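Any read-out appearing in this document is the output of simple, stated calculations on the displayed coordinates, not a laboratory observation. Computed from a prediction, not measured in an experiment: that's the story for all the values here. Here the Cβ positions follow ideal geometry from the backbone for every residue, glycine too, while neighbour counts run over all protein chains shown.
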Amino acid sequence: MKIFTDELRLQTSGKGTYEISDQVHRVIRESGVSNGQVTVFLCHTSASLILMENADPTARRDLERWFDRLVDENDPDFIHTLEGPDDMPSHIRMALTRSSEVIPIIDGNMVLGTWQGIFAFEHRRAPHNRRIVVTVMGK
Amino acid sequence: MKIFTDELRLQTSGKGTYEISDQVHRVIRESGVSNGQVTVFLCHTSASLILMENADPTARRDLERWFDRLVDENDPDFIHTLEGPDDMPSHIRMALTRSSEVIPIIDGNMVLGTWQGIFAFEHRRAPHNRRIVVTVMGK
Amino acid sequence: MKIFTDELRLQTSGKGTYEISDQVHRVIRESGVSNGQVTVFLCHTSASLILMENADPTARRDLERWFDRLVDENDPDFIHTLEGPDDMPSHIRMALTRSSEVIPIIDGNMVLGTWQGIFAFEHRRAPHNRRIVVTVMGK
């Protein structure tokens, strides 16, 4: 039984979804683990992770816009506004999605569905450098 | 330390929640693991996983209807509509819930709460055959 | 490869977020694991887990209020109302957030972001005693 940890850095260019499936796969390959599972963890509270369809980019655009509408930047009830109008909505969108994803590995590959990709979901308007930790466990 | 992976197949009959706790428990028993954890992973982007009360079915009906209302099938903003009006809402409902659940195992049993069950959440109207991968790690 | 499980008990005083990062860290220290990951699991369907900013408490207040507004206690569509008006909303808020969180451990510490804390999210109005299981795996 092996455990292998690596860190990814993602430079975002503001709000949106960024696929990281290939980078995660590279860590699995490097780990030498054939059967087990990989945990992807994003170390921030104003960005998050989702698994999402990666075939048609319009699906991600609709999802991003839907979240934009659900959590209003100009919500008059917000009092945590010191870091800008996009800060508090970013925490809520993070809480509504995920910070960690655990994906099984069989024969050296993640058992993702055909169009299932791993995405970082940047919720801030400004570009950010995001830290993502990948942990592979197995044999 | 042992790692054991198995695959479940779930035939859904359209939108709704389907309990899979017993099937997951069977994989744990088969694995021979007494102490550790089980990861349940659903390999799709138009269905998801939730842990939910499994005593009173009306709780699930209310939850299903609430998600139906929150993510409107006739949202005029959606542009990803080629696969039908229930496709884009299914991706959003998936992102709002979960694709993986990790549950501790003590003495051969999941430490679920008294009325806490594991459910697949089908978001498409048409019946689908869903693939769920169960990974047991422990001793 | 080691696996270590411990149970936390959290006494809540009603709706709100309760940081448990220190208690989780104590279990990791006790486990003796330096590199691996910790899984935090909450055994209830009317409370949940989130990772959230732990610097400015107003951020949590905004988040709590936002969830209160999104899932209305007086929703006339709810039929699962026997356990009180805050019961059904609590299940939905749980499904929208998380029941398990998996966090990497490097050199004996969780790799949480600078202001990223682990919180139990109590959704019921009455005080509850919540059971949280912490599983540490690694070397």
Any chance you could get the radius of gyration and Dmax over the Cα atoms of segment A:2-138, in Å?
15.9, 51
Relative to the other copies, what are the label-point distances for A:ARG65, with labels 7 Å from Cα along the C-beta vector, expressed in nm at one decimal and sorted shortest first?
3.0, 3.0
Using Cα atoms only, what is the angle between the long axis of helix C:57-70 and the major principal axis of chain C, expressed in degrees (0 to 90) to the nearest 10?
40
Output ³J(HN,Hα) for segment A:109-114: one whole-Hz value per residue in order, computed from phi by the Karplus curve 6.51 cos²θ - 1.76 cosθ + 1.60 with θ = phi - 60°, and x for Gly and Pro.
10, 5, 8, 6, x, 3
Amide H of C:GLU73 versus every other amide H placed in the peptide plane: which residues, excluding those fewer than 5 positions away on the same chain, fall under 5 Å?
none
Once amide H atoms are placed 1.01 Å from N in the peptide plane, what residues at a sequence separation of 5 or more from A:LEU49, or on another chain, have their amide H within under 5 Å of its amide H?
A:ARG98, A:SER99, A:PHE121
Sequence-distant lysines (8 or more away, or on other chains) whose Cα lies within less than 21 Å of B:LYS139
A:LYS2, A:LYS139, B:LYS2, C:LYS2, C:LYS139
What residues qualify as long-range amide H neighbours of C:ARG130, i.e. H under 5 Å apart, gap of 5 or more or another chain, H built at 1.01 Å from N?
C:LEU10, C:GLN11, C:THR12
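Counting only helical runs of four or more DSSP H residues, what would the 222 nm mean residue ellipticity of chain C come to if each run contributes -39,500 (n - 2.57) and the total is spread over all its residues?
The helix-only estimate for chain C comes to -8000 deg cm²/dmol at 222 nm.
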What list of ³J(HN,Hα) couplings, whole Hz, do you get for segment A:34-41 from phi and the Karplus terms 6.51, -1.76, 1.60, once you set θ to phi - 60° and write x for glycine and proline?
9, 9, x, 8, 10, 10, 10, 9
Phi-derived 3J(HN,Hα) across segment B:80-87 with the Karplus relation (6.51, -1.76, 1.60, θ = phi - 60°), rounded Hz, x for Gly and Pro, is 7, 10, 4, 8, x, x, 8, 7
Which of rounded, prolate or oblate describes the protein assembly as shown when judged by the alpha-carbon gyration tensor and an a/c cut-off of 1.5?
rounded
Between the alpha carbon centres of segment B:46-102 and segment B:1-25 the gap in Å comes to 18
If one builds a Gaussian network model of chain C from Cα atoms under 10 Å apart, the most fluctuating residue listed among C:LEU70, C:LEU82, C:LEU42 is C:LEU82
Based only on other Cβ atoms within 10 Å, what is the fewest-to-most ordering of C:THR81, C:THR135?
C:THR81, C:THR135
Label 7 Å beyond Cα on the Cβ vector: A:LEU82 copy-to-copy distances, nm
4.8, 4.8
